[in-house]
Each structure stands twice: as structure tokens, then as C-alpha cells.
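Please read the structure below before turning to the comments.
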Amino acid sequence: VWHYDNSDYLMVSSQFNGIARTIDGGQSGGPATEGLVGEGPFITRLASSKSDNDLVYALTSLGVGRTDNFGEFWTMTYIDEPQWGFWSGMDIHVSIANPQNIIAGGSMDEESSIFVSTDGGLTFEATNNFDNLGYVTGLSSHPTLENTFFATFSIQNNAKVLRTDDLGQSWYDISGYSESSSSTGFPDVAVYDVLVMPYDTDIIWVATEIGIFESTDEGDSWNLLAGDFPAVSVWDMKIMDGMVVLATFGRGIWTATIPELASYEY
């Protein structure tokens, strides 16, 4: 993650919360983990918001770490197992529409739940479960609706993309898995991220193991995205400078320039 007001401030992560930072554009730097307590996930994720550049979040086996000085020191919000559902691919995401709202979690099953904060990560409350869907593989938000989040899962013959419009009090499946297969054309593959287009929120992209699937009707139907993008595992999607930046597993980083995003500021 980077500091939007000062491009010399960068924070990077490797496995098991190997987090480091630089405040001089990479000329020097060092570990940035003081105050983080607990085991880090193998896939270490950082979450931040443009509206508060110094505030960054990370996950541990004991809960959510929060730094308000860009990694100089972290404080913990502790969440007890087994409800926390810690695993090596768990995720955390700051709402694009309201950075006080944050979603985090690792699993949705008989013991574990996804958690939501409405006070900038100072406290977290468990959401209600939709079903026993297992490990969470990605979390994301809506660009204009502050109470809307998405959670992705990758268990065969089960719901792949859940949506909540009330901060997790209720969820519904927009991938169409009312039975053991999708009624809306969504593939039965691993899923990692969701991106709602801010210029037309009926358009949703979902990053999957075999490329990007698109809905133009807010999830009522799905098709493989047209174009020359390869059938590759996509783990992350971000909007920046009029483009969607796509991080793949094995085929590098791609960009898709979309004219309607030219004036959009995250």
C-alpha cells in the first residue's frame, strides 16, 4: 500500500506478516510490525483508504491490527477463535464508500463468521452466516453504498459470491448456486475478488481461477469477460488512473483502460 499524499511512503508485505515500510521512496526501510500480536497469515494482506493515508490494517491469528501512523506502531483489536476463523488466506477490506466501515474474516461455517467494524476498526462484531461455506477467499465493497460488502468462497458446488446490503445482518448469493450448480452462468471455480464499476453499478467483475466473469445486470447473469485477457487466476483488482489493474497468479499484472473511469477518483 502507498500513502496517497506522500509517494515516498510505501508499505509492503510478504508471508506471515513480514511487513516493512519506507518513508523515503525506498532508499531505506525496515520492519513495520511493532505491536502486531499473533501469527500472521501466509498470504499477508494490507488494507487502507485514500481518505486517511496513515491508517492501515493487517490480520493476525488473534484479530485485527490497526496502525494510524503508517506502520510505526500497531494496536490490536482482539477476536477470539474459533469464531475468528483464522487461516492463511483470510482477508480484510475498507469500504470505498465509507472508510469507517471495515469487513474482515477467514471463514463462514458452524463455528466461524465474518466480522464488520463501523468505527474504523476499533471494534468488530460478528455478522450473521448465510450458510456453511468454509474459507473466505476475498472481501470487497461497493463504491457508493456504504453498507454493502461482498464475500467470495471457493468450495465446489456452493455459493461463490455473497452480497450484503446491511453490514452482514443478511446475505444473498449473486452467483446463483441455489442448487449444486449455478442458475446464472457463474463457473464452479475458485473466486478471489469482486469489483463494482462506479460509473454503472449494474456492472460487476469477479476475479476467478479461470479469468474474469462479468455481470451487466447486478448479478442476475454472468459471462466470461470479452477481450484478449487470458484464462488465468486473478487475485486482485483495483481502479487507478482510469484503469482497472489486475493482479494474476502466474501471468503478471495487467491493465484495462476504461474511458468511463477517466474522471473517477478512488
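Please treat every number below as a calculation from the coordinates, not as lab data. None of these values were measured; they are calculated from a predicted model. Because the Cβ atoms are built from the backbone with ideal geometry, glycine has one as well, and the counts that use them run over all protein chains shown.
Indicate the gyration tensor shape class of segment 26-102 (rounded, prolate or oblate), computed on the Cα atoms with a ≥ b ≥ c the square roots of the eigenvalues: a/c under 1.5 is rounded; otherwise a/b larger than b/c is prolate and the rest oblate.
Since a/c reaches 1.5 but b/c is at least a/b, the shape of segment 26-102 is classed as oblate.
With labels modelled as points extended 7 Å from the Cα through the Cβ direction, what inter-label distance (nm, one decimal) is found for Phe73 paired with Asp241?
Rounded to a tenth, the inter-label distance reads 3.6 nm.
Express the relative contact order of segment 139-191 as a whole percentage, based on alpha carbon pairs under 8 Å and six or more residues apart in sequence.
Computed value for segment 139-191: 30 percent relative contact order.
Can you work out the Karplus-derived ³J(HN,Hα) for every residue in segment 4-20? Use 6.51 cos²θ - 1.76 cosθ + 1.60 with θ = phi - 60°, whole Hz, and x for glycine or proline.
Computed from phi, the couplings for segment 4-20 are 5, 8, 8, 5, 6, 8, 9, 10, 10, 9, 10, 4, 6, 6, x, 9, 9 Hz.
With a ≥ b ≥ c taken as the square roots of the eigenvalues of the C-alpha gyration tensor of segment 156-266, please select rounded if a/c is under 1.5 and otherwise prolate if a/b is larger than b/c or oblate if it is not?
oblate
Treating the beta-carbon of each Lys and Arg as +1 and of each Asp and Glu as -1, no other charges, what is the dipole magnitude of the chain about its Cα centre, to the nearest 20 debye?
620 debye
Over segment 112-266, what is the relative contact order in whole percent, taking alpha-carbon pairs under 8 Å and six or more residues apart?
Relative contact order here is 13 percent.
Across segment 216-256, what fraction of all alpha-carbon pairs, as a whole percent, falls in each successive 5 Å bin from zero upward?
5, 19, 24, 25, 20, 5, 0
Using only the Cα atoms of segment 1-52, what semi-axes does the equivalent ellipsoid have when each is the square root of 5 times a gyration tensor eigenvalue? Give whole Å, largest first.
Square roots of five times the eigenvalues give 20, 13, 9 Å.
Label Leu224 and Glu125 with points 7 Å out from Cα along Cα→Cβ: what is the distance between them in nm?
Here the answer is 4.4 nm between the modelled labels.
Count the net charge of all other residues whose Cβ sits under 15 Å from the Cβ of Tyr78, scoring Lys and Arg as +1 and Asp and Glu as -1.
Once all neighbours under 15 Å are counted, the net charge is -3.
Which value in Å is the Kirkwood Rh of the chain over different Cα pairs?
One over the average 1/r among Cα pairs gives 18.7 Å for the chain.
Taking 7 Å along the Cα-to-C-beta vector as the label spot, tell me the Lys50-Asp166 distance in nanometres, rounded to one decimal.
Distance between the two pseudo-spin positions: 3.1 nm.
Using a Förster distance of 25 angstrom, determine the FRET efficiency expected from the C-beta separation of Val37 and Asn98, and round it to 0.05.
That pair, Val37 with Asn98, gives E of 0.35.
Which value in Å is the Kirkwood Rh of segment 39-80 over different Cα pairs?
This gives a value of 10.6 Å.
Please tell me the relative contact order of segment 1-63 in percent, rounded to the nearest whole number, where contacts are Cα pairs under 8 Å and at least six residues apart.
Rounded, it is 30 percent for segment 1-63.
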